[in-house]
Every structure is written in structure tokens, then in C-alpha cells.
Ligand code: PBG
């Protein structure tokens, strides 16, 4: 008899084929959603310096990106608009001729039902003060006045052709109001991806460049405190109650515990948003040669899946799909 442990977990790690068979979690193109930016009036794509490899699209280049996303078998594309003109109430968000609504129609015409078309539903890209809602006389974000604008925005996005609306402004009651507006207009077919547990995060930094945000101050009176996990679960449960078809945790990496808790608490699909700052950190370290870029990308996305995400929004969606197909 040889000495040594009887139980040897290493046995199942000994060949690539065994590891493939025993993997508990998978990463597939269909689980990945590509967030994209479209800039009003752009004649060519504009690079975003803090997000190497990501651009503000023209309407034309966005159509091409959507067609590529469809051919790669991605789970969807999430559109953000960058308007030329902003105002206090974010008029460009509700106008049928606003850049986001035009781009939604473009993309839908390009991909039909071959790719799920999602729209970020929030005012921050469209307001000159950069907040996610309209302000009251004291300059505070007015929850209920904002809900009325979200309802209008939802109808415009549904009309433009979005399959899924993603309210991301963290106003109380936003999912219920949007659901009611859609249903009253006969659009029971349009789904809601609620940004339920959305934290006031430093990791949104590069996104602010991506949408030319003019935000002064911060979003802490509506986005969540990073100290709170239970509250994230509560927000998700409230959104499910109000009719959310799926819920999201955002950011992903600093909130994997929240993601797991939300996954265990709800019975709808759960998404996670691998945000701009998470993208930028990996890209920056890789550019220095400090980490293996492709391995880091796949490990990041797999970890978010393992923590409980059914769907992952990531700026690497197209590239990851190509890496996975190799
Ligand atoms: C709000 C919104 C933000 C992001 C997605 N939707 C910014 C914010 O809330 O400050 C951030 C996405 C990212 O950082 O990649 N419309």
C-alpha cells in the first residue's frame, strides 16, 4: 500500500478533456450582450480614449456592429445615445428623432429578430446637468417627475423597435410605471431588464467620457451605497414585483456577492454589467504587458457567470465570442 491521500481532486484536472467535461460553468456567445454608443452627427466612429477598442459609433458603423453581433450569435446589443444637444429635461430621449430612437430603428431594421435589441432607458446622456432624472426647484433629482418622462421614453423606444428596455436611473417605481405605460399602449410584448441593484460606483469613470457626460456632483441620492448587499436584494425583489422580466446587478466585479444573493433570491433571469472601469483596468494592465489580456477577459466573464449571472453585458462581447469559437 502506498501512503498518501485517498481523495485526490487533481485526478479530474489531469487532462484538458477531463477539465472540459467537469466544468461547472460555461461561457457562451449567446449569454453575452454588447453595449454600444452611437453619437449624433458623427461622420466617422470616434475612439473613446479611456476604453481602448471601444468607439462612439456613427449610425452607419452601428448598423455594421449590430450585423456582426448577430452573426456572432451574441445574446443582444444594448444601445446608448450620445446626443449633440442636451437640455434640462433630456428632450432628446423622448423625441422620435432623438439619436437613440433613430439608432434603435436602424439596428432593428438591420437585424430584425435575429438579435435582441436593448435600449438603455435613462436621462443622463440627454440632460445638460448629467443627472438620470429631471431636477426640482432645489436642484434635487425629482423621482416622480422623472417617472413621467421615463414612461414617455419607454414608448418612444418601443415604437423605435427595442425588444428590451433597460431602465437604469434607479428611480423608485420606475419598472412599474414603464410596464404600465407599455401595457396601456398595447406593447405587452416589450420586455424590461431592470438595472435593479445599481451602485454609485467609481468604476463608471470611462463611461462618462463615452457619453460626453457633463455630470457635476454624484448620483448617491439615487444609486446604491456600495456598503449595502441586502438592499440590492430588496431592490431586485421590488423590481420583480413591479413586472421586471429580468434583473441586473451593476457593476459586476466589486459586487459578485450581491450578484450571488440576487440570483438566489429571484426566479427571473439575472444579468450583470461588466462596466467601463472594469474593462479599462484589464485593458490598461494588458497594454503594460502586466497580464495576459485574452485569458483575463475570459476569466473575468466566466467569474461573473459563476457568481450567478445568466447574462453578461460586456464591451468584450464580440471579441469573447470569437475567442470562444476558436
Ligand atoms: C446610466 C448608465 C451608466 C452606465 C450605464 N447606464 C452610468 C451611470 O449610471 O453613471 C455605466 C456603464 C459603464 O460604466 O460601463 N445611463
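Derivation of every value follows stated rules applied to the coordinates shown; laboratory data play no part. None of the values given here were measured: they were computed from a predicted structure. Virtual Cβ from ideal backbone geometry, glycine too; neighbours counted across all protein chains shown.
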Packing rank of 126-136, 221-231, where each peptide gets the mean count of other beta carbons within 10 Å, highest leading: 126-136, 221-231
Along each principal axis of its Cα atoms, how long is the stretch 10-50 end to end? Whole angstroms, biggest number first, please. 58, 21, 13
Could you tell me the distance between the Cα centroids of the stretch 244-266 and the stretch 169-200, to the nearest Å? 17 Å
When only C-alpha pairs under 8 Å and at least 6 residues apart count, what is the relative contact order of the stretch 26-325, in percent? 19 percent
From the C-alpha gyration tensor of the stretch 26-325, pull out the three semi-axes of the equivalent ellipsoid (sqrt of 5λ each), sorted largest to smallest, in whole Å. 26, 22, 20
Between the Cα axis of helix 99-111 and the main Cα principal axis of the chain, the angle (0 to 90°, nearest 10) is 50 degrees
Pull out the extension gain between residue 291 and residue 26, defined as 0.36 nm times the separation in residues minus the alpha carbon to alpha carbon distance; nm, one decimal. 93.2 nm
Using the alpha-carbon atoms, what tilt in degrees (0 to 90, nearest 10) does helix 276-287 show relative to the longest principal axis of the chain? 50 degrees
In degrees, nearest 10, range 0 to 90: what is the angle between the Cα axis of helix 59-71 and the longest Cα principal axis of the chain? 30 degrees
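Sum -39500 (n - 2.57) across every DSSP H segment of at least 4 residues in the chain, then divide by the residue count to get the 222 nm mean residue ellipticity, nearest 500. Mind dumping the intermediate values first?
Working: 12 runs with 130 residues, N = 326.
Rounded to the nearest 500, the figure is -12000 deg cm²/dmol.
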For the stretch 144-159 and the stretch 77-137, distance of Cα centres in Å: 11 Å
If packing is taken as the average number of other Cβ atoms within 10 Å across a peptide's residues, how do 171-182, 246-257, 21-32, 59-70 rank, most packed first? 246-257, 171-182, 59-70, 21-32
Note on the stretch 194-326: contact order normalised by length, alpha-carbon pairs under 8 Å, 6 or more apart, percent, works out to 26 percent
